[in-house]
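Participant: Sharing a structure here in structure tokens format.
The values are calculated or read from the model by the stated rules, or taken from the named source; none is laboratory data. Given the structure is predicted, the values throughout are model-derived calculations rather than measurements. All Cβ positions, glycine included, derive from the backbone under ideal geometry; neighbour counts span all protein chains shown. Each accessible area value is taken on the protein alone, full model and side chains, heavy atoms only, with ligands, DNA and RNA left out. Shrake-Rupley method; radii C 1.70, N 1.55, O 1.52, S 1.80 Å.
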Amino acid sequence: MAPYLPSKEPDKFDRVHKVFGVENVYKILSRLEESWQSEYAVNALCYEAEARIHDPIHGYVGPQMIYNNILNNLKREIDSAINELATQDLVVQWYYLREGRSAVRLAGRGRRAQGP
């Protein structure tokens, strides 16, 4: 494994060894045919080992789950804001239609709405 985990970077080897074990890493690398595949595999194993050390349960999926949760919350907030704006537009339109105006300026936004 020296070509992929050089002695200049012993921490990489230590992390991979701690999480996967030398024998398992050797089995993975021995099944690959091309040298570039081994390089990518070692990089992926190093990344996964680092993630598993930081979060033993979720590994590299942990941050993805957190960001997906944040994204879903933001989408809900945007949907809520859009619904609130739509409701406000309807109230303003209703008010102006009640006054008998057909084209009105909506809530100072600079756009015009056409009445029925």
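Participant: Here are some conditions: (1) modelled with pLDDT of 90 or more; (2) within 30 Å of ARG52 (Cα to Cα); (3) open to solvent by less than 80 Å² (accessible area, probe 1.4 Å). SER80 meets all but one. Which one does it not meet?
Facilitator: Unmet for SER80, out of (1) modelled with pLDDT of 90 or more; (2) within 30 Å of ARG52 (Cα to Cα); (3) open to solvent by less than 80 Å² (accessible area, probe 1.4 Å): (2).
Participant: Also: Any residue at all in region 26-34 that is at pLDDT below 85 and either in contact with a His (Cβ under 7 Å, 6 or more places away or on another chain) or surrounded by 13 or more Cβ atoms within 10 Å (Cβ to Cβ) (or both)? Spell out the reasoning first.
Facilitator: Filtering region 26-34 for residues at pLDDT below 85 gives none.
Checking region 26-34: not a single residue is at pLDDT below 85 and either in contact with a His (Cβ under 7 Å, 6 or more places away or on another chain) or surrounded by 13 or more Cβ atoms within 10 Å (Cβ to Cβ) (or both).
Participant: Restricting to region 1-35, name every residue that is under 15 Å from ALA49 (Cβ atoms) and either in contact with a strand residue (DSSP E or B) (Cβ under 6 Å, 6 or more places away or on another chain) or not in a helix (DSSP H, G or I) (or both).
Facilitator: MET1, TYR4, LEU5, GLU9, GLY21
Participant: Quick check: is even one residue across region 56-76 at pLDDT below 90 and among the charged types (D, E, K, R)?
Facilitator: No, every residue in region 56-76 fails to be at pLDDT below 90 and among the charged types (D, E, K, R).
Participant: VAL42 passes all but one of (1) open to solvent by 70 Å² or more (accessible area, probe 1.4 Å); (2) hydrophobic (A, V, I, L, M, F, W, C); (3) in a helix (DSSP H, G or I); which number fails?
Facilitator: Status for VAL42: all satisfied but (1).
Participant: Enumerate the pairs (first residue in region 57-84 and free of Cβ contacts under 8 Å to residues at least 12 places away in the same chain and on the phi < 0 side of the Ramachandran plot; second residue anywhere and open to solvent by less than 80 Å² (accessible area, probe 1.4 Å) and of a type in the set (Asp, Glu)) with beta-carbon separation below 6 Å, excluding pairs fewer than 6 apart on the same chain, so at least 6 apart or on different chains.
Facilitator: Sorted first by the residue in region 57-84, then by its partner, the pairs are GLY62/ASP55.
Participant: Can you pull out the residues in region 85-99 that are touching a residue at least 12 places away in the same chain (Cβ under 8 Å) and either open to solvent by 90 Å² or more (accessible area, probe 1.4 Å) or basic (Lys, Arg) (or both)?
Facilitator: GLN88, the sole residue that qualifies.
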